[in-house]
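Chemist: Quick one: the structure is below, questions incoming.
The values are calculated or read from the model by the stated rules, or taken from the named source; none is laboratory data. Being a predicted model, the structure only gives us computed values, none of them experimental. Cβ atoms come from the backbone with ideal geometry, glycine included; neighbour counts cover every protein chain shown. The area values use the complete protein model at the heavy-atom level, side chains included, leaving out ligands, DNA and RNA. Shrake-Rupley method; radii C 1.70, N 1.55, O 1.52, S 1.80 Å.
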Amino acid sequence: MLEEKTQIENNQYIITVIEDSNIRTINLTSLNKQKISFGRGEDNDIVLLSPLVSVNHGYFELSNNKISVVDNQSTNGIFVNNNKIAASPLKDGDSIKIDDPVDPLNRGVIFILSTNDKVTSWKQIDLEKKQVITIGRDSSSDIVINHISVSLKHATITEKNHKFIIKDNNSTNGIMINGELLTGEISLKERDVILIANAKLIFYKNNILYQTYDSGVSLKAADITKTVKVKGKKKDISQHVSLSIKPGQFVAFVGGSGAGKSTFMNCISGVSRPTSGKVYVNGNDLFKNYAVLKNIIGYVPQQDIVFTDLTLKDMLKYAAELRMPDDATEEEKKNRIKSVLETVELTGKEDVMIKNLSGGQRKRASIAVELIADPKLFFLDEPTSGLDPGTERSIMKTLRKMADSGKTIILVTHTTLNLHLCDKIAFFGTEGRLCFSGAPNEALSFFNVTDFVDIYTLLNEDTKTWYDKFNNSEYKDHITKEDSGKTTKEKNKKSFAKQFLTLSKRYAKTIINNKQQLLLLLAQAPIIAYLLSLVVTDNLFNSYDEAKTLLFAMASASIWLGLLNSIQEICKERVILQKEYMANLKLSAYLGSKMLIQCLLGLIQAVLLVTTFSLLVEVPSTGVVTSWYLETTVVCFTTIISASSLGLVVSSLSKNSSVAMSFAPLLLVPQLLFSGMLFPLEGIVDKISYFILCRWSVEGFGTINNLNNLTDSIQEIVPTYIREAESFYTFTETHLFQDIAIIIFMMIILLILCFGILKHQLERSR
C-alpha cells in the first residue's frame with residue numbers, strides 16, 4: 001500500500017471540467033485519494049450541477065500508477081472519446097463526457113485529462129466573430145501552436161451552413177479529434193476535443209477553448225518477449241519484461257554482453273516488434289499508433305548515423321530539411337540547428353568535416369541529427385561505447401540536461417561510472433531477464449553492494465536467483481496489457497520532390513567532398529580508353545574480328561564502371577537509411593536520388609571514355625542515325641547506368657561493403673560467358689543471354705559499327721567467302737533503338753527489384 005501511495009503522489013493527474021459556462025481545473029493527485037467521486041450529490045469530491053448527471057454518477061480511480069474512470073450505474077452513462085464505457089483506463093488528452101456524443105445537449109459536462117502540470121491557462125476564441133480561424137505554427141495564425149511538429153498553416157475552422165468545419169490543411173503530422181485521426185474535414189460537434197501536437201482545443205458553444213502544455217512522455221512495457229531462431233531452435237532473448245518509465249526520466253539499461261538490453265530497447269522504441277507483449281507511449285499502443293507516435297521518438301543506434309564526408313553544418317542542414325515540416329522557413333531551420341548544437345555542446349564545430357571530429361564529438365553529432373526533430377522520447381544504444389571516461393561523463397551529463405528539459409531519455413550502456421546521474425536503472429541478466437529496475441541507490445541496496453560493477457559479477461554468477469528475487473520484490477512493475485483501440489494508418493505527407501532534392505544534394509556533396517574517391521571514379525574512364533587505344537590497329541573499324549573484340553571490351557568496361565559506382569552505396573549507409581525510413585523517408589525519393597547522381601556520374605564517364613578513345617584512335621564519323629560519337633556515347637551511358645542499377649541491387653542485399661565487393665567477380669563472369677563473344681548463343685545459352693546486360697550492349701555497339709558489313713579474317717584469306725549476316729547487328733534505326741530500349745528496361749526492372757528488396761528489409765526489421 002505504501003508503494004501504491006508513492007506512485008500516485010509522483011504522477012500529476014489534472015482534470016479540466018467544463019460545465020455550462022464554467023471552466024475549472026482540479027489536480028486529482030493533490031486530493032490524496034484513491035477514489036475520487038463525481039456527481040450532483042454534495043458528498044461527491046467533484047460536485048456537478050448538470051441535470052444530466054446522476055447523484056453519484058461515477059468516480060476516478062488512481063492506483064498502480066494508472067488512472068481510470070468508472071461509471072456508477074448512472075442514468076446517462078459516461079463516454080470516453082465518444083465511446084460509452086462502464087470502466088476505462090485513461091491517458092493524457094482523453095475526453096470524458098456526460099452527454100449524448102451524437103446529438104450533444106446544452107447541459108452536457110466534459111472532463112479533459114492532463115498528465116502534465118506544465119500547462120498554460122485556457123484561452124478562448126469566438127468563432128462567430130471571424131469567417132476563418134487559422135491554426136498553425138505561423139505567428140500570424142489565430143491560434144498559434146509553437147511546436148516543431150506543427151505545420152505553418154496546420155488547420156482552418158470555417159462556418160458553412162450554420163456549422164463549423166475543421167479542415168486539415170495537408171499538415172505533416174495531422175489532427176486527432178476525440179481520439180481519432182482526422183482525414184480531410186469534419187463538422188464540429190459540441191464539446192469535441194481536438195489534439196494538435198502539444199495543444200488541446202475544445203469546441204464549446206461556438207467557441208474554441210485551447211491550451212498548450214509541455215508534453216512529457218511516459219512509456220510502459222507490458223510482458224515483452226522476443227523470440228529468435230538460433231541454429232533452427234527457438235530462443236528467448238528478452239523474457240517477459242515489464243517496465244514503467246515516467247515523463248522526463250533518465251533511464252539506463254545495464255548488463256553484460258548478450259543480456260538482451262539492445263533487443264529490449266529495440267522492442268520498446270518501435271525499431272522491431274516484440275514476439276509478444278505490449279508497449280504503451282502516453283497510454284497509446286506504440287505499434288498500433290506508430291504512424292503518429294514515431295514523430296515524437298528519437299533513436300540513436302550504436303553505429304554513427306552521420307556521413308563522414310560532410311561538414312557538421314551540412315549534415316544538420318540536410319537533416320533539418322528531411323525531418324522538419326516541409327513548410328519550415330530557413331530561419332526556423334537555422335535557429336533549430338543553432339539550438340541543437342548548443343544542446344550537444346558542438347557550437348564552433350559547424351565547419352569541421354565529421355570525419356575529422358573525435359569519437360565523442362561524432363557521437364554528439366549523431367545525437368544532434370536526431371534532436372533536429374525535437375523528439376520527446378529519446379533512445380540511445382551504447383552512446384558512450386569506446387569513449388574515454390572524461391568524454392563518457394560529458395555525454396552522460398548532456399543527456400541528464402536533456403532529461404531535465406522534459407525529454408524522456410533511455411540508453412543502453414556497459415559503463416557504470418556515471419549511473420548516479422540516472423533516475424532509474426534496469427539491470428539485465430543472461431537470456432534477457434530483467435533482474436532489477438529502480439533508482440541507483442535502490443539498486444545498490446537491492447544487491448547489497450557498494451559498487452555497480454559488483455552487480456555484473458552477481459548476475460553472471462546466478463541470474464536466476466536475482467531474477468526470482470526481483471519478481472517477488474516491491475520494485476517489480478506490474479503492468480497489465482490493455483486494448484488500446486484502432487490502428488492508426490500511416491500517412492506520409494512529406495513531399496517527394498523536397499526529399500528527392502535534399503537527398504540528391506546530400507549524395508552529391510558526399511561524393512564531391514571525398515576528393516580521392518571522386519578522382520578515381522572520373523579517372524577510370526580515360527585510363528581505360530587509353531589502354532584500349534594501345535591494343536588496337538589502324539585496321540580497327542575495317543576488321544570484323546578486331547572491331548567486335550574492341551566493342552566487347554568497351555561494353556565490359558562500361559559495366560565495370562557502373563558496378564563500381566554503386567555497389568557499395570546502399571550497404572555502407574544502411575543504418576542511416578533505416579533510421580531515416582523510420583522518420584518518414586520516402587524510399588522512392590531515396591532510390592531516385594541515388595539514380596540521379598549515378599546518371600550524372602555515368603554520363604561524365606561515358607563522355608570521358610568515348611571522347612578520350614576518339615581522340616587517340618581514328619573512329620567512323622557516322623552511325624546508324626546520327627554521328628558515331630553520339631550513338632556510342634548513348635549506348636555506353638545507358639550500359640553504365642543499367643550496371644549501376646545492378647550494383648544497387650547487390651548493395652541492398654549485402655551486409656557491408658566487403659561483402660558487396662565480393663559479388664563483383666560473380667556478376668562480371670556471366671557478362672563474359674553469355675555476351676555472345678566467347679561462345680555462340682545457341683539453345684539454352686541464347687535464352688539465358690536475354691537477361692545479360694553485356695549481350696545487349698555488344699549488340700548496340702555492333703549495330704552502330706555495322707559489323708555485318710566488315711571483313712573478317714577468313715574473308716581476307718578467301719575473298720570469295722561470304723559470311724552470313726548476324727541478326728544481332730542489323731544496321732537499322734529500329735534495331736539500335738530496340739537495343740537501347742532493352743538496356744533501359746533492364747535498368748527499370750533492376751530498380752523496381754531494389755525498391756522491393758529494401759522495402760521488405762526495412763519493414764521486416766520493424
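Chemist: I'd like to check something: does segment 579-594 contain any residue that is in contact with a Ser or Thr (Cβ under 8 Å, 6 or more places away or on another chain), crowded, with 20+ Cβ neighbours inside 10 Å and under 16 Å from Leu520 (Cα atoms)?
Modeler: No: zero hits.
Chemist: Still on this structure, I have one more. Could you list all residues from segment 383-392 that are part of a helix (DSSP H, G or I) and either within 22 Å of Val306 (Cα to Cα) or among the polar types (S, T, N, Q) (or both)?
Modeler: Thr391, Glu392 - these are the residues of segment 383-392 that are part of a helix (DSSP H, G or I) and either within 22 Å of Val306 (Cα to Cα) or among the polar types (S, T, N, Q) (or both).
Chemist: I'd like the full set of residues that are in a helix (DSSP H, G or I) and either more than 22 Å from the chain's Cα centre (by Cα) or closer than 16 Å to Ser149 by Cα (or both), limited to segment 355-365. Give the derivation first.
Modeler: Let us first name the residues in segment 355-365 that are in a helix (DSSP H, G or I), namely 355-356, 359-365.
Correct list: Lys355, Asn356, Gly359, Gly360, Gln361.
Chemist: Being of a type in the set (Ser, Thr, Tyr), modelled with pLDDT of 75 or more and within 26 Å of Ser218 (Cα to Cα) is the filter; apply it to segment 446-492 and report the residue that is surrounded by the most Cβ atoms within 10 Å (Cβ to Cβ).
Modeler: Tyr467
Chemist: Going residue by residue through segment 290-299, is there one that turns out to be at positive phi and not hydroxyl-bearing (Ser, Thr, Tyr)?
Modeler: Checked against the condition, which is being at positive phi and not hydroxyl-bearing (Ser, Thr, Tyr), segment 290-299 yields no hits at all.
Chemist: Yes or no: segment 244-256 includes at least one residue that is of a type in the set (A, V, I, L, M), surrounded by 21 or more Cβ atoms within 10 Å (Cβ to Cβ) and in a loop (DSSP other than H, G, I, E, B).
Modeler: No; the residues of segment 244-256 include none that is of a type in the set (A, V, I, L, M), surrounded by 21 or more Cβ atoms within 10 Å (Cβ to Cβ) and in a loop (DSSP other than H, G, I, E, B).
Chemist: So, one more: Would you be able to tell me the number of residues in segment 627-669 that are among the charged types (D, E, K, R) and either under 19 Å from Gly700 (Cα atoms) or in contact with a helix residue (DSSP H, G or I) (Cβ under 6 Å, 6 or more places away or on another chain) (or both)? Steps first, please.
Modeler: Applying the first criterion (among the charged types (D, E, K, R)) to segment 627-669 yields 631, 655.
In the following step, the residues that additionally are either under 19 Å from Gly700 (Cα atoms) or in contact with a helix residue (DSSP H, G or I) (Cβ under 6 Å, 6 or more places away or on another chain) (or both) were identified as 631.
Residues flagged as among the charged types (D, E, K, R) and either under 19 Å from Gly700 (Cα atoms) or in contact with a helix residue (DSSP H, G or I) (Cβ under 6 Å, 6 or more places away or on another chain) (or both) within segment 627-669 amount to 1.
Chemist: Here is a check on your reading of the model: is Lys35 open to solvent by 10 Å² or more (accessible area, probe 1.4 Å), of a type in the set (Lys, Arg), free of Cβ contacts under 8 Å to residues at least 40 places away in the same chain and under 28 Å from Glu180 (Cα atoms)?
Modeler: no
Chemist: Continuing with the same structure: Say whether the condition of being small (Gly, Ala, Ser) and part of a loop (DSSP other than H, G, I, E, B) is met by at least one residue in segment 221-231.
Modeler: No, segment 221-231 contains no residue that is small (Gly, Ala, Ser) and part of a loop (DSSP other than H, G, I, E, B).
Chemist: For Ser566, are the conditions met, namely being of a type in the set (Ser, Thr, Tyr) and either in contact with a Lys or Arg (Cβ under 8 Å, 6 or more places away or on another chain) or modelled with pLDDT of 90 or more (or both)?
Modeler: So Ser566 fits the description; yes.
Chemist: Right, something else. Tell me which residues, restricted to segment 80-100, are outside any loop (DSSP other than H, G, I, E, B) and either open to solvent by 30 Å² or more (accessible area, probe 1.4 Å) or aliphatic (A, V, I, L, M) (or both). Step through it out loud before you land on a result.
Modeler: Restricting attention to segment 80-100, the residues satisfying the condition of being outside any loop (DSSP other than H, G, I, E, B) are 80, 83-85, 87-89, 95-98.
Those that are outside any loop (DSSP other than H, G, I, E, B) and either open to solvent by 30 Å² or more (accessible area, probe 1.4 Å) or aliphatic (A, V, I, L, M) (or both): Val80, Asn83, Lys84, Ile85, Ala87, Pro89, Ile96, Ile98.
Chemist: Among (1) part of a strand (DSSP E or B); (2) aliphatic (A, V, I, L, M); (3) open to solvent by less than 10 Å² (accessible area, probe 1.4 Å), which single condition is Val150 missing?
Modeler: For Val150, the exception is condition (1).
Chemist: Go through segment 358-392 and report how many residues are open to solvent by 10 Å² or more (accessible area, probe 1.4 Å) and polar (S, T, N, Q).
Modeler: 4
Chemist: Kindly list, by first and then second residue, each pair from a residue in segment 575-597 that is on the phi > 0 side of the Ramachandran plot to a residue that is polar (S, T, N, Q) and open to solvent by 10 Å² or more (accessible area, probe 1.4 Å), limited to pairs with Cβ atoms under 6 Å and residues at least 6 apart or on different chains.
Modeler: Asn584/Asn492
Chemist: Further, regarding this structure: Can you tell me how many residues within segment 68-79 are without any contact (Cβ under 8 Å) to a residue 24 or more places away in the chain, assigned to a loop (DSSP other than H, G, I, E, B) and open to solvent by 20 Å² or more (accessible area, probe 1.4 Å)?
Modeler: The first filter runs over segment 68-79 and keeps only residues without any contact (Cβ under 8 Å) to a residue 24 or more places away in the chain, leaving 68, 70-71, 73, 75, 77-79.
When the remaining residues are screened for being assigned to a loop (DSSP other than H, G, I, E, B), the result is 73, 75, 77.
With open to solvent by 20 Å² or more (accessible area, probe 1.4 Å) added as a condition, the list becomes 73, 75.
Looking only at that region, the number is 2.
Chemist: Collect the residues in segment 723-766 that are assigned to a loop (DSSP other than H, G, I, E, B) and either in contact with a helix residue (DSSP H, G or I) (Cβ under 8 Å, 6 or more places away or on another chain) or at pLDDT 75 or above (or both), keeping them in residue-number order.
Modeler: Restricting attention to segment 723-766, the residues satisfying the condition of being assigned to a loop (DSSP other than H, G, I, E, B) are 723-726, 730-732, 765-766.
Arg723, Ala725, Glu726, Thr730, Phe731, Thr732, Ser765, Arg766, listed by residue number.
Chemist: Further, regarding this structure: Considering only segment 612-715, give the helices (runs of 4 or more DSSP H) lying wholly within it that have at least 1 residues that are at pLDDT 85 or above and open to solvent by 30 Å² or more (accessible area, probe 1.4 Å). Give the derivation first.
Modeler: Working: elements: 628-653, 657-673, 684-689, 693-704.
The qualifying helices (runs of 4 or more DSSP H) are 628-653, 657-673.
Chemist: Let me ask another. Looking at segment 127-141, I want the residues that are within 18 Å of Gln211 (Cα to Cα) and touching a residue at least 60 places away in the same chain (Cβ under 8 Å) and have a partner that is part of a loop (DSSP other than H, G, I, E, B) and small (Gly, Ala, Ser) with Cβ atoms under 8 Å, at least 6 apart or on another chain. Which pairs are those?
Modeler: Going by the 8 Å Cβ cut-off, the qualifying pairs are Ile135/Ser141; Arg137/Ser151.
Chemist: Which one is surrounded by the fewest Cβ atoms within 10 Å (Cβ to Cβ), of the residues in segment 184-235 that are at pLDDT 80 or above and hydroxyl-bearing (Ser, Thr, Tyr)?
Modeler: Among those residues, the one meeting the criterion is Ser187.
Chemist: Here's another thing I want to ask about it. Among the numbered criteria (1) open to solvent by 10 Å² or more (accessible area, probe 1.4 Å); (2) part of a loop (DSSP other than H, G, I, E, B); (3) not polar (S, T, N, Q), which one does Ala259 miss?
Modeler: Every condition holds for Ala259 apart from (1).
Chemist: Restricting segment 519-572 to residues that are in a helix (DSSP H, G or I) and of a type in the set (Ser, Thr, Tyr), which is surrounded by the fewest Cβ atoms within 10 Å (Cβ to Cβ)?
Modeler: Selected residue: Tyr530.
Chemist: If we keep just the residues of segment 42-67 that are among the polar types (S, T, N, Q) and crowded, with 17+ Cβ neighbours inside 10 Å, which is nearest to Leu105 (Cα to Cα)?
Modeler: Once the filter is applied, the top-ranked residue is Ser50.
Chemist: Based on what the data block shows, is Asn44 touching a Gly at 6+ places or on another chain (Cβ under 6 Å), at pLDDT 90 or above and assigned to a loop (DSSP other than H, G, I, E, B)? Let's see the steps before the verdict.
Modeler: Working: touching a Gly at 6+ places or on another chain (Cβ under 6 Å): no; at pLDDT 90 or above: yes; assigned to a loop (DSSP other than H, G, I, E, B): yes.
It is false that Asn44 is touching a Gly at 6+ places or on another chain (Cβ under 6 Å), at pLDDT 90 or above and assigned to a loop (DSSP other than H, G, I, E, B).
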